[in-house]
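Working notes, structure below.
The values are calculated or read from the model by the stated rules, or taken from the named source; none is laboratory data. Bear in mind the structure is a predicted one, so any value in this text is a computation, not a measurement. Heads up, the Cβs are rebuilt from the backbone with ideal geometry, glycines too, and the neighbour counts pull from every protein chain shown.
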Amino acid sequence: MHYISTRGDATQRKFCEILLEGLAPDGGLYLPVQYPQVDDATLTRWRKVYHEQGYAELAFAILSLYIDDIPADDLRALCRKTYTAQVFGTGEIVPLRHVENGVYLEALSNGPTLAFKDMAMQLLGNLFEYELARRGEELNILGATSGDTGSAAEYAMRGKKGVRVFMTSPAGRMSPFQQAQMFSLQDANIINIAVEGVFDDCQDIVKAVSNDLDFKRKYKIGTVNSINWARLLAQVVYYFAGYIQATDNNAQKVSFAVPSGNFGNVCAGHVARSMGLPIAQLVVATNENDVLDEFFRTGVYRVRGSADTHETSSPSMDISKASNFERFVFDLVGRDGARTKDLFSTQLSAAGSFDLSADSAFKDAAARYGFVSGKSTHTDRLATIRDTDARHGMVIDTHTADGLKVALEHLQPGTPMVVLETALPIKFAATIVEALGREPERPAQFEGIEALPKRVLNLPADVVLVKALIEKTCA
């Protein structure tokens with residue numbers, strides 16, 4: 001299996017070459033030259049693997065299609081080390097909970113930081129440590145987080161040999177619980193940077209550093225954001241696991257509803273569907289920052305500036321530049337790297353938008369790729385949280401509420417709808433209290449976390465200052 005850039009660099013690279021890189025040298029994102037196809041016999045075999053051997057073996061089977069430069073025994077050992085009941089709270093790893101009328105929640109938030117990002121980040125940490133040891137090298141991870149990526153990365157990388165993490169986050173924009181999870185870590189290899197701005201400013205810094213190839217190579221800069229293909233690949237696995245749990249046979253189709261900000265989570269669903277997983281619809285659910293919903297409704301992709309990026313009660317989706325969207329557009333325009341580069345590097349930079357509404361590929365997008373979309377507001381998520389608690393005795397977080405609200409608008413008779421859970425409610429306690437009048441349950445290990453000493457640097461949204469910090473720390 002080889003990988004190419006979405007922006008036309010035709011150099012084909014192996015998995016371990018791109019694992020530690022993040023962006024391609026031309027600024028594009030990596031995708032496989034082609035998606036491996038899963039036939040009926042393979043899916044039947046994987047169904048048996050999941051039910052009889054568990055999630056780790058299913059992960060190994062899927063990842064093996066994309067990773068052929070790590071010995072099979074080593075890759076299997078990495079999967080078994082990652083996906084355990086001790087780490088994820090249950091041997092099922094991602095159990096389904098039935099809500100009503102064929103609507104399910106797929107529990108993805110039982111990991112160390114109580115968010116779905118753990119599903120991929122725990123594997124990524126083990127992959128990084130393995131490959132760095134094999135090479136005898138070190139890696140400086142530069143990341144951006146709107147809430148959950150940062151803590152998931154830091155908990156996965158803390159204490160890992162050869163790895164240092166520089167994590168940027170928008171100052172004051174995360175929930176108190178999210179901030180405490182990150183800033184309370186005292187590990188020497190974890191450096192938190194609170195940036196004056198919004199998530200997109202943090203993401204722009206990461207991309208600017210990654211695009212400075214000399215600096216990137218000198219300081220061995222890697223990424224854990226979902227621009228890293230390995231992280232997105234790990235997320236593909238739980239689509240297969242969710243499908244297998246929701247169906248009895250391969251003739252059935254399933255839809256997935258995905259709370260979406262940076263498009264990484266739902267892009268993994270796009271990959272799974274492209275492999276042949278019988279997915280009817282991929283339901284993109286946005287909050288008030290509805291850039292993605294606008295595109296799927298109109299064909300216009302229009303990013304917002306910092307001043308127009310709303311601060312909402314589902315803050316992990318307060319994003320207006322969806323990095324992984326480029327991967328889907330690359331497929332949408334026939335894997336034309338030159339055109340993708342023009343759309344994202346030229347038109348988006350110059351005009352802040354591009355328009356595919358007249359493109360025949362866009363007109364076919366729903367039928368060919370299954371994408372539909374919708375938007376949820378603060379009022380909507382409060383109502384959904386209240387209704388789900390009152391009628392089903394389930395307390396869900398604000399992002400999952402966005403996903404459930406939009407999912408219910410796209411139900412198809414006879415087709416199960418799986419809503420991907422984003423996080424446990426305690427991460428957004430203030431809104432849960434507003435909705436229900438009571439605090440959500442707090443896992444014992446996080447009692448009093450907000451009162452712990454914090455270790456964080458405050459910086460303006462300035463790439464020069466971030467580079468200087470990296471240079472000083474690595475000196």
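All conditions but one from (1) among the hydrophobic types (A, V, I, L, M, F, W, C); (2) part of a loop (DSSP other than H, G, I, E, B); (3) modelled with pLDDT of 95 or more; (4) touching a Gly at 6+ places or on another chain (Cβ under 8 Å) apply to residue 224; the one that does not is (3). Among the residues making up segment 227-276, those that are outside any helix (DSSP H, G or I) and surrounded by fewer than 24 Cβ atoms within 10 Å (Cβ to Cβ) are 247, 248, 249, 250, 251, 252, 253, 254, 276. Note on segment 307-325: residues that are charged (D, E, K, R), under 25 Å from residue 356 (Cβ atoms) and either touching a residue at least 24 places away in the same chain (Cβ under 8 Å) or surrounded by 23 or more Cβ atoms within 10 Å (Cβ to Cβ) (or both) amount to 2. One residue stands out among those in segment 141-172 that are among the basic types (Lys, Arg) and not in a strand (DSSP E or B): the one that is nearest to residue 116 (Cα to Cα), which is 158. Note on segment 341-358: residues that are surrounded by 14 or more Cβ atoms within 10 Å (Cβ to Cβ), out of contact with any Lys or Arg (no Cβ under 6 Å at 6 or more places or on another chain) and either part of a loop (DSSP other than H, G, I, E, B) or not small (Gly, Ala, Ser) (or both) amount to 9. Counting the residues of segment 285-340 that are more than 17 Å from the chain's Cα centre (by Cα), in a helix (DSSP H, G or I) and polar (S, T, N, Q) gives 3. Here residue 194 fulfils each of the conditions (1) among the small types (Gly, Ala, Ser); (2) within 16 Å of the chain's Cα centre (by Cα); (3) under 29 Å from residue 432 (Cα atoms) apart from (2). For segment 173-187, the criterion of being of a type in the set (Asp, Glu), in a loop (DSSP other than H, G, I, E, B) and out of contact with any Pro (no Cβ under 8 Å at 6 or more places or on another chain) is satisfied by at least one residue.
Pairs linking a residue in segment 357-368 that is of a type in the set (S, T, N, Q) to a residue that is at pLDDT 90 or above and not in a loop (DSSP other than H, G, I, E, B), with Cβ atoms under 9 Å and 6 or more positions apart or on different chains, are 357/298; 357/300. Inside segment 88-115, residues that are under 23 Å from the mean Cα position of the chain (by Cα), acidic (Asp, Glu) and assigned to a strand (DSSP E or B) make up a count of 1. Residues that are under 22 Å from the mean Cα position of the chain (by Cα) and in contact (Cβ under 8 Å) with a residue 40 or more places away in the chain number at least 1 in the following helices (runs of 4 or more DSSP H) confined to segment 1-87: 15-19, 55-63, 72-82.
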